[in-house]
Amino acid sequence: MRLSRPARGLLAAITAVVLALIYLPLLVVFVNSFSTSQNLTWPPPGFTLEWWAKAFQSDGALDAVLTSLQVALASTAVALVLGTLISLGLQRFEFFGRDAISLLVILPIALPGIVTGIALNNAFRTGLGVQLSILTLIIAHATFCIVTVFNNVIARLRRLGTSLEDASSDLGAGIWTTFRLVTFPQLRSALFAGGLLAFALSFDEIIVTTFTAGSSVKTLPLWILDNLFRPHQAPVVNVIAVVLVLVSIIPIYFAQRIAGAEKVVR
Amino acid sequence: MTGVQPAIRLTGLTKSFGSVHAVDGVDLDIIEGEFFSMLGPSGSGKTTVLRLIAGFEQPTSGTISLLGQDVTDRAPFDRDVNTVFQDYALFPHMSVLDNVAYGLRVRGVAKRARHEQARQALDTVRLGSFADRKPSQLSGGQRQRVALARATVVQPKVLLLDEPLGALDLKLREQMQVELKELQRTLGITFIFVTHDQQEALTLSDRIAVFNEGKIEQLGTPAEIYERPASPFVAAFVGTSNIFDDTVSQTLLGRAGTHSVRPEKVSVTTENRPLSADRTAAGVLAEVIYVGSSTQLIVDLDAGTRVVVLEQNDAHRVATNGRGARVTVGWNDSDIVTLAPPVLTSHP
């Protein structure tokens, strides 16, 4: 496609503005994490590493990171197992109510978090009589983490078709052997992509978390929300934010590389 | 003992998808060690029969026996048959060697032994030097041979081939036909070959079943199928046929019923020349098509039908003028095949 010179100039300008809107605020957070001002005054009056040192000594922040990691890893693990099983069930077998189940599985990601949160809160506390804890939080997160795994895996299964599984079975492999040696290796990158998304969803989730975490469970988003408006903690929050940005670049980088590598193979 | 036990016996085999009968009451014995082809247009049920024998589909009714044992309810991995798939279905994440060794691996053969056997199988299909490649690095013909090696290394009783040459270009296909035939002789196992290519079926097979609408239309040797087609469908599907319906038959042959005659059995000469044939008919040459070793002539008969004549391009070829010339065609009664009995007019 060919564009005229002014059109190209205009598109470049729009692109620059949009990218600036996304990344300048992040840059401000980055700069403020080294600012000597506690009130986030702009421009920063001076440079200091004090907040970085404080952040790494702050038990609350470190505990919150650890809790979030635990929750995200556990709910991703649950989602990987259940999401794969349900994709196989829905894609490889025909039965009554298949489409309905497919819809019910995807629905949680479209439901407003506040609804899921209230519903699960009620179900756990009054329905089941369970104390809210890190376990209820993991279950709550898994309800929407399953969706990303399910979507990735079912799309892959659909594209793969059944001929490789037929061939494996034809050559004498039982169901489990076929899954281990043929189906799973073909699903690996879909599971990785779905798992990364699930992890990311869980890691920064705050609405459902508010309703389903026990009072002693403090995930990172909850901790940030608690501390953002405390004058002494604001710069520390900035440090944590910068660390999170750096950390989230890594999975995105890998996800992109996997997607790129698959295009080459095909 | 009731004579020779068939390798595969299908009894009343039926497979319905909803209201569609993909396979409709097929009875068939396939003899041990024969090269058997199932020939038919797409949707005729031949591939479904193959998938039923392999166990990928469950029949709606009927039974499948393998060497006298009822295997109807057995899973694919529990049947001593192997399949060469139309799209080859090689495992993309495994090397060629691991693909071929797969059947041995799942049977618990140790790595060393299975790799050795797989290498031998690859050597027999002349792909020994490709063992470490991935399937994606091979050409279509090479993938085809890997699929063959993978299916035969486990020494099945019966090898099922689902249009295995369909994706190859003509030259390669002809070469693979020869290789398949040789492989079948060497291994001495039963081959069941599904194809829509009548030439391929005629060339390769000991026997052919012609499928149409889920039923076997005719079963016989290639010569029987070609020279004595049992129905208008077979006559039209296998090779080219001049088919005369009831009315035309009465005019041209002096008998009722549907008949056919192969183009190469029809002789032709310019009008007023003698023609040694049991019956002759006059017409106008509508088209002359040169096809290399022979020439195809299309003649519009005065009787109101069109016949195709195939003449060898040899020294004795009768010179015919171009399009529009008056010609005489002729054939011998022995070359006429009756496809259907006379149409019965209902009595009042």
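The values are calculated or read from the model by the stated rules, or taken from the named source; none is laboratory data. All of these numbers come straight from a predicted model, not from anything done at the bench. With ideal geometry, Cβ positions are generated from the backbone for all residues, glycine too; neighbour counts draw on all protein chains shown.
Each residue in the stretch B:78-104 was checked for being surrounded by 18 or more Cβ atoms within 10 Å (Cβ to Cβ) and not in a loop (DSSP other than H, G, I, E, B), and 13 of them qualify. Regarding B:Gly220, is this residue closer than 17 Å to B:Arg9 by Cα and under 16 Å from the mean Cα position of the chain (by Cα)? Answer is yes for this residue.
Inspect the stretch A:131-142 for any residue being closer than 18 Å to B:His93 by Cβ and surrounded by fewer than 21 Cβ atoms within 10 Å (Cβ to Cβ) and give the result as yes or no. The answer is no, given that none of the residues of the stretch A:131-142 is closer than 18 Å to B:His93 by Cβ and surrounded by fewer than 21 Cβ atoms within 10 Å (Cβ to Cβ).
Could you tell me which of the residues B:Ile8, B:Ile53 is within 14 Å of chain A (Cβ to nearest Cβ), closer than 21 Å to B:Gly214 by Cα and either modelled with pLDDT under 95 or within 20 Å of the chain's Cα centre (by Cα) (or both)? Show your work before the answer.
On the way: B:Ile8 fails: within 14 Å of chain A (Cβ to nearest Cβ).
B:Ile53 is the lone residue from the list that is within 14 Å of chain A (Cβ to nearest Cβ), closer than 21 Å to B:Gly214 by Cα and either modelled with pLDDT under 95 or within 20 Å of the chain's Cα centre (by Cα) (or both).
Considering only the stretch B:259-347, give the strands (runs of 3 or more DSSP E) lying wholly within it that have at least 2 residues that are hydroxyl-bearing (Ser, Thr, Tyr), at pLDDT below 90 and in the same structural domain as B:Phe244 (by the TED database).
Values: elements: B:267-270, B:279-290, B:294-301, B:306-312, B:326-331, B:337-340.
Because the criterion is at least 2 residues that are hydroxyl-bearing (Ser, Thr, Tyr), at pLDDT below 90 and in the same structural domain as B:Phe244 (by the TED database), the strands (runs of 3 or more DSSP E) in the stretch B:259-347 that meet it are B:267-270, B:279-290, B:294-301.
Being in contact with a Gly (Cβ under 7 Å, 6 or more places away or on another chain), in the same structural domain as B:Asp87 (by the TED database) and of a type in the set (Lys, Arg): is that true of B:Arg173 here?
Values: in contact with a Gly (Cβ under 7 Å, 6 or more places away or on another chain): no; in the same structural domain as B:Asp87 (by the TED database): yes; of a type in the set (Lys, Arg): yes.
Against the criterion (in contact with a Gly (Cβ under 7 Å, 6 or more places away or on another chain), in the same structural domain as B:Asp87 (by the TED database) and of a type in the set (Lys, Arg)), B:Arg173 does not qualify.
For the stretch B:13-50: of the residues being of a type in the set (Gly, Ala, Ser) and within 12 Å of B:Gly214 (Cα to Cα), which is surrounded by the most Cβ atoms within 10 Å (Cβ to Cβ)?
Let us first name the residues in the stretch B:13-50 that are of a type in the set (Gly, Ala, Ser), namely B:16, B:18-19, B:22, B:25, B:33, B:37, B:40, B:42-45.
Then keep just the ones that are within 12 Å of B:Gly214 (Cα to Cα); that gives B:16, B:22, B:25, B:40, B:42-45.
Values: B:Ser16: 14, B:Ala22: 22, B:Gly25: 15, B:Gly40: 28, B:Ser42: 8, B:Gly43: 15, B:Ser44: 24, B:Gly45: 24.
Taking the candidates together, the pick is B:Gly40.
Can you give me the number of residues within the stretch B:238-261 that are out of contact with any Ser or Thr (no Cβ under 9 Å at 6 or more places or on another chain) and buried (at least 21 other Cβ atoms within 10 Å of the Cβ)? Adding up the residues that qualify gives 1. Counting only strands (runs of 3 or more DSSP E) wholly contained in the stretch B:105-222, the ones carrying 3 or more residues that are closer than 24 Å to B:Arg51 by Cα and within 14 Å of another protein chain (Cβ to nearest Cβ) occupy B:158-162.
Determine if the stretch A:57-66 includes at least one residue that is of a type in the set (D, E, K, R) and either at positive phi or under 20 Å from the mean Cα position of the chain (by Cα) (or both).
In the first step, residues of the stretch A:57-66 are kept if they are of a type in the set (D, E, K, R); the result is A:59, A:63.
Okay, now just the ones that are also either at positive phi or under 20 Å from the mean Cα position of the chain (by Cα) (or both), so A:63.
Yes: the stretch A:57-66 contains one or more residues that are of a type in the set (D, E, K, R) and either at positive phi or under 20 Å from the mean Cα position of the chain (by Cα) (or both).
Selection of the stretch B:97-124 for residues being touching a residue at least 40 places away in the same chain (Cβ under 8 Å) and in contact with a Leu (Cβ under 7 Å, 6 or more places away or on another chain) yields B:Asn99, B:Val100, B:Tyr102, B:Gly103. If a residue must be hydroxyl-bearing (Ser, Thr, Tyr), within 29 Å of the chain's Cα centre (by Cα) and not in a loop (DSSP other than H, G, I, E, B), how many such residues does the stretch A:30-46 contain? Residues that pass the stated criteria total 0. Hey, does the stretch B:62-75 have a residue that's assigned by the TED database to the domain that holds B:His196, in a loop (DSSP other than H, G, I, E, B) and closer than 29 Å to B:Val238 by Cα? No: the stretch B:62-75 contains no residue that is assigned by the TED database to the domain that holds B:His196, in a loop (DSSP other than H, G, I, E, B) and closer than 29 Å to B:Val238 by Cα.
Here is a list: A:Thr41, A:Thr36, A:Thr126. Which entry is of a type in the set (Val, Ile, Thr), exposed (fewer than 14 other Cβ atoms within 10 Å of the Cβ) and in contact with an Asp or Glu (Cβ under 9 Å, 6 or more places away or on another chain)?
Details: A:Thr41 fails: in contact with an Asp or Glu (Cβ under 9 Å, 6 or more places away or on another chain); A:Thr126 fails: in contact with an Asp or Glu (Cβ under 9 Å, 6 or more places away or on another chain).
The match here is A:Thr36.
Note on the stretch B:75-89: residues that are of a type in the set (S, T, N, Q) and more than 7 Å from chain A (Cβ to nearest Cβ) amount to 1.
Look through B:Thr295, B:Thr247, B:Thr305, B:Thr251 and report the one residue that is in contact with an Asp or Glu (Cβ under 9 Å, 6 or more places away or on another chain) and either closer than 23 Å to B:Pro342 by Cα or hydrophobic (A, V, I, L, M, F, W, C) (or both).
Matching residue, one of B:Thr295, B:Thr247, B:Thr305, B:Thr251: B:Thr305.
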